[in-house]
1. Report, by residue number, each residue of the stretch 80-89 that is assigned to a loop (DSSP other than H, G, I, E, B) and surrounded by fewer than 18 Cβ atoms within 10 Å (Cβ to Cβ).
2. Determine whether residue 42 is in contact (Cβ under 8 Å) with a residue 60 or more places away in the chain and surrounded by 15 or more Cβ atoms within 10 Å (Cβ to Cβ).
3. Quick check on my filter: what residues within the stretch 155-180 are under 22 Å from residue 65 (Cα atoms) and either over 15 Å from the mean Cα position of the chain (by Cα) or in a loop (DSSP other than H, G, I, E, B) (or both)?
4. With 160, 167, 236 as the choices, which residue is modelled with pLDDT of 90 or more and surrounded by 17 or more Cβ atoms within 10 Å (Cβ to Cβ)?
5. Whether any residue in the stretch 211-218 is within 27 Å of residue 73 (Cβ to Cβ), modelled with pLDDT of 85 or more and not assigned by TED's automatic domain parsing to the domain that holds residue 70 is what I want to check.
6. For the stretch 71-79, does any single residue satisfy the condition of being assigned by TED's automatic domain parsing to the domain that holds residue 53, under 17 Å from residue 37 (Cβ atoms) and assigned to a strand (DSSP E or B)?
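The values are calculated or read from the model by the stated rules, or taken from the named source; none is laboratory data. Only a predicted model underlies this, so the values are computations on that prediction, with no experimental measurement involved. Every residue, glycine among them, receives a Cβ derived from its backbone with ideal geometry; neighbour counts consider all protein chains shown.
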């Protein structure tokens, strides 16, 4: 926001509460750049399609997402909002400004006037250089990362960041963050207690794969109520996350 104001661009705050307000904003003010979350961009994209609105009527040129997304999601947003898509990368702990923004060739350039970035044991370590009151000194982010000091094809020099997965088993679905331990605690109160499970998070949904054997339903009184629906309801009620539960065959135990 400060950067936009510095170049004397108008800045309009996005309303996060309802998609109708987020749609009215580009229709009324015609901004050329939309800074938003992936979830909000997907909601806006679907609303435009459902109401048969021409995306070119929104006059958007670029959509800047608050975090990296997979190739499929990026292409969907770009095609259906008729705008170029760029991603940024940051951490909740560092607040504004973001840690880095994607350039035109798809690489992340660290804001080195604001952050000193290091990698220790594959983990990104951050020191804030200009933050007051609550500075961070060599903060271990629990994010896997690689740093590169080569010159970028876009012409910029400086440190390039290649972010990797979380190292603390933290997941995000529709901007809601939660940990694997929270899911384990919830499952422990259901018929899936003590079953091994595997989590896969997408932009819209959490997939929970439960390893079961043939005797999982043994002794149940007919008709048996499938516990999948109960687990999905609990995940939505407790964590606010839509989930899909499925059964899989027992997998070999990971090697130590």
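1. Within the stretch 80-89, the subset assigned to a loop (DSSP other than H, G, I, E, B) is 82-83.
Of everything in the stretch 80-89, just one residue is assigned to a loop (DSSP other than H, G, I, E, B) and surrounded by fewer than 18 Cβ atoms within 10 Å (Cβ to Cβ), namely 82.
2. Numbers: in contact (Cβ under 8 Å) with a residue 60 or more places away in the chain: yes; surrounded by 15 or more Cβ atoms within 10 Å (Cβ to Cβ): yes.
Yes: the conditions hold for residue 42.
3. Keep residues of the stretch 155-180 that are under 22 Å from residue 65 (Cα atoms), which gives 156, 159-166, 170-178.
Residues satisfying the conditions are 156, 159, 160, 161, 162, 174, 175.
4. Numbers: 167 fails: surrounded by 17 or more Cβ atoms within 10 Å (Cβ to Cβ); 236 fails: surrounded by 17 or more Cβ atoms within 10 Å (Cβ to Cβ).
On inspection, the qualifying residue turns out to be 160.
5. Step one: of the stretch 211-218, the residues within 27 Å of residue 73 (Cβ to Cβ) are none.
No, the stretch 211-218 contains no residue that is within 27 Å of residue 73 (Cβ to Cβ), modelled with pLDDT of 85 or more and not assigned by TED's automatic domain parsing to the domain that holds residue 70.
6. no
So that you can scan it fast, the table gives a plain yes or no per residue for (1) surrounded by fewer than 13 Cβ atoms within 10 Å (Cβ to Cβ); (2) out of contact with any helix residue (DSSP H, G or I) (no Cβ under 7 Å at 6 or more places or on another chain):
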residue	(1), (2)
13	yes, yes
21	yes, yes
24	yes, yes
28	yes, yes
49	yes, no
55	no, no
58	no, no
63	no, no
69	no, no
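Yes or no, residue by residue, for (1) assigned to a strand (DSSP E or B); (2) touching a residue at least 12 places away in the same chain (Cβ under 8 Å); (3) surrounded by 14 or more Cβ atoms within 10 Å (Cβ to Cβ); (4) not assigned by TED's automatic domain parsing to the domain that holds residue 124:
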site: 153; (1), (2), (3), (4): no, yes, no, no
site: 182; (1), (2), (3), (4): no, yes, yes, yes
site: 192; (1), (2), (3), (4): no, yes, yes, yes
site: 198; (1), (2), (3), (4): yes, yes, no, yes
